[in-house]
Amino acid sequence: MKKEDCIFCRIVTGEIPADIVFRTERALAFRDINPQAPLHFVVIPKDHVETVSQLSNEFMLALGDIFRLTGILAGSFGVDQKGFRIVFNEGPDAGRTVPHAHFHFLAGRPLHWPPG
Ligand code: 5GP
Ligand code: ZN
């Protein structure tokens with residue numbers, strides 16, 4: 001897929017508006033447009049990467065930023081004690097819809113296990 005056609009790349013460039021809550025040099029966290037929990041953020045590498053199996057150096061560096069942002073989200077939104085869940089959907093069985101690697105940060109209600 002070309003970057004010009006990728007929704008999340010267009011959020012990175014500002015072409016598509018999003019409620020961005022935190023950004024680092026390599027990663028971005030914004031509110032999910034269709035939240036599945038009271039707190040639902042999408043955390044992405046700024047560079048277009050499609051799958052977790054594309055282990056480029058840039059992606060590995062971005063993963064550090066992404067996990068740092070999840071900690072910052074938890075602290076800032078007051079769920080570091082109650083808890084939260086980080087989800088990565090890959091492929092059709094997991095219901096992945098956007099082909100730009102991203103993590104979901106979900107919190108603010110009890111999260112059932114196993115997930116549906
Ligand atoms: P996936 O199902 O691929 O794991 O997750 C993609 C997520 O991105 C979905 O939860 C969906 O609601 C969210 N999403 C898709 N398009 C947009 C958008 O334009 N803006 C925002 N903020 N979220 C989006
Ligand atoms: Zn992209």
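The values are calculated or read from the model by the stated rules, or taken from the named source; none is laboratory data. What you see is a predicted model, and the numbers here were worked out from it, not measured in a lab. Please note: Cβ atoms are built from the backbone with ideal geometry, for glycine as well, and neighbour counts cover all protein chains shown.
Please determine whether any residue of region 55-63 is among the small types (Gly, Ala, Ser), at pLDDT below 95 and outside any strand (DSSP E or B). Working first, answer last.
Within region 55-63, the subset among the small types (Gly, Ala, Ser) is 56, 62.
Narrowing further to those that are at pLDDT below 95: 56.
Pick out the ones that are also outside any strand (DSSP E or B) and you get 56.
There is at least one residue in region 55-63 that is among the small types (Gly, Ala, Ser), at pLDDT below 95 and outside any strand (DSSP E or B).
For first residues located in region 95-109 and over 17 Å from Ile20 (Cβ atoms) and in contact (Cβ under 8 Å) with a residue 24 or more places away in the chain, partners that are hydroxyl-bearing (Ser, Thr, Tyr) and surrounded by fewer than 16 Cβ atoms within 10 Å (Cβ to Cβ) and lie 6+ apart or on another chain with Cβ distances below 7 Å form the pairs Ala101/Thr51. Might you check whether a residue that is free of Cβ contacts under 8 Å to residues at least 40 places away in the same chain and either over 16 Å from the mean Cα position of the chain (by Cα) or loosely packed, with under 12 Cβ neighbours inside 10 Å (or both) occurs anywhere in region 37-52? Checking region 37-52: not a single residue is free of Cβ contacts under 8 Å to residues at least 40 places away in the same chain and either over 16 Å from the mean Cα position of the chain (by Cα) or loosely packed, with under 12 Cβ neighbours inside 10 Å (or both).
Within region 55-77, the set of residues being in contact with a strand residue (DSSP E or B) (Cβ under 9 Å, 6 or more places away or on another chain) and over 17 Å from Ile44 (Cα atoms) comprises Ser76, Phe77.
Residue check: is Leu69 away from ligand 1 (no atom under 13 Å from the Cβ), closer than 30 Å to Pro110 by Cβ and either in contact with a Cys (Cβ under 6 Å, 6 or more places away or on another chain) or touching a residue at least 40 places away in the same chain (Cβ under 8 Å) (or both)?
yes
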